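Scroll down for the structure; my scribbles are underneath it.
The values are calculated or read from the model by the stated rules, or taken from the named source; none is laboratory data. Note that the structure is a prediction, hence the values are computed from the model and not measured. Heads up, the Cβs are rebuilt from the backbone with ideal geometry, glycines too, and the neighbour counts pull from every protein chain shown. SASA here: full protein model, heavy atoms, side chains in, ligands and nucleic acids out. Shrake-Rupley method; radii C 1.70, N 1.55, O 1.52, S 1.80 Å.
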Amino acid sequence: MTGTVTLPDSLRYPPPPKTPRLLTERLIIRPPGAEDARSVLHYYTENRAHLEPFEPLRPRGFYTLLFWDSQLERFANDFRQDRAARLFFFDRRDDSRIVGYVGFNGITRGAAHFAYLGYSVAAECQGLGLMTEGVAESVRYGFAGLKLHRLMANYMPRNERSGRLLKRLGFVPEGFARDYLRINGVWEDHVLTSLTNPNWEESQ
């Protein structure tokens, strides 16, 4: 027997999102292409001491071009499958130079339409407002472009810069999780925050 099955609206996934290219005063925000592997590797290598204390242990080969050639292909596939959207902040004065990152991870549809927000910025760019500029524009894209209703962002209490950033962007504290994530080999407590899209129904 042959035939077709039509899913009810509640179970349909949105069409794959269009590849974004967001512009702010100082940044170009977009997913990395295969040609950006060296720039991504340089970003993480140059900022290794700055970023590692706040992120999970790096997998084997993380600081190699071979790793990032494969990883960027996986990023692109996750984006096409609506599982995640990872964007990098490129300097508008030098569009080969990466100065930050934002990721919409664990995108969940159905009754949820949420994702987890992660971000980082180059050590030399701290205190310049680039993180606020880039993440704010990315959040707008997450709501309007990815059609997300809820973003969750969690940070370690000692990461005060991250806490201040989320507060500026309107994220609301929702709780405190003990030993929430294993960061750089240590189980760390996290403050849990979220931001919801008040216009979600109108954006569907």
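Key figures
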{"read-out": "Residues of the stretch 72-105 satisfying the condition of being in contact (Cβ under 8 Å) with a residue 60 or more places away in the chain, within 16 Å of L146 (Cα to Cα) and of a type in the set (A, V, I, L, M)", "value": "A85, L87, V102"}
{"read-out": "Within the stretch 23-40, tally of residues that are assigned to a helix (DSSP H, G or I) and surrounded by fewer than 14 Cβ atoms within 10 Å (Cβ to Cβ)", "value": "3"}
{"read-out": "Index of the failed condition, D82 passing every other in (1) surrounded by 14 or more Cβ atoms within 10 Å (Cβ to Cβ); (2) touching a helix residue (DSSP H, G or I) at 6+ places or on another chain (Cβ under 9 Å); (3) more than 26 Å from L165 (Cα to Cα)", "value": "(2)"}
{"read-out": "Residue that is surrounded by the most Cβ atoms within 10 Å (Cβ to Cβ), among those in the stretch 51-62 that are touching a residue at least 40 places away in the same chain (Cβ under 8 Å) and of a type outside the set (F, W, Y)", "value": "L51"}
{"read-out": "Pairs, first under 15 Å from V121 (Cα atoms) in the stretch 30-50, second part of a helix (DSSP H, G or I) and open to solvent by 20 Å² or more (accessible area, probe 1.4 Å), C-beta under 6 Å, six or more apart", "value": "L41/L65; N47/A123; H50/A123"}
{"read-out": "Yes/no for P32 being within 17 Å of the chain's Cα centre (by Cα) and modelled with pLDDT under 95", "value": "no"}
{"read-out": "Test: residue in the stretch 41-50 that is part of a loop (DSSP other than H, G, I, E, B) and buried (at least 17 other Cβ atoms within 10 Å of the Cβ)", "value": "yes"}
{"read-out": "Leading residue by the ranking (least open to solvent (accessible area, probe 1.4 Å)) among those in the stretch 148-164 that are under 23 Å from N199 (Cβ atoms) and over 12 Å from the mean Cα position of the chain (by Cα)", "value": "L148"}
{"read-out": "Qualifying position, being within 22 Å of S162 (Cβ to Cβ), of a type outside the set (A, V, I, L, M) and open to solvent by less than 50 Å² (accessible area, probe 1.4 Å), among F75, F88", "value": "F88"}
{"read-out": "Pairs with Cβ under 9 Å, 6+ apart, first in the stretch 165-178 and of a type in the set (D, E), second open to solvent by 40 Å² or more (accessible area, probe 1.4 Å) and assigned to a strand (DSSP E or B)", "value": "E174/L192"}
{"read-out": "Residue match in the stretch 141-156 (condition: part of a helix (DSSP H, G or I), touching a residue at least 40 places away in the same chain (Cβ under 8 Å) and closer than 18 Å to R26 by Cα)", "value": "yes"}
{"read-out": "Residue check for F90: farther than 30 Å from S39 by Cβ, among the hydrophobic types (A, V, I, L, M, F, W, C) and touching a Leu at 6+ places or on another chain (Cβ under 8 Å)", "value": "no"}
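Conditions tested, residue by residue: (1) in contact with a strand residue (DSSP E or B) (Cβ under 8 Å, 6 or more places away or on another chain); (2) on the phi > 0 side of the Ramachandran plot; (3) surrounded by fewer than 16 Cβ atoms within 10 Å (Cβ to Cβ).
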site: A122; (1), (2), (3): yes, no, no
site: G127; (1), (2), (3): no, yes, yes
site: T132; (1), (2), (3): no, no, yes
site: V139; (1), (2), (3): yes, no, no
site: L146; (1), (2), (3): yes, no, no
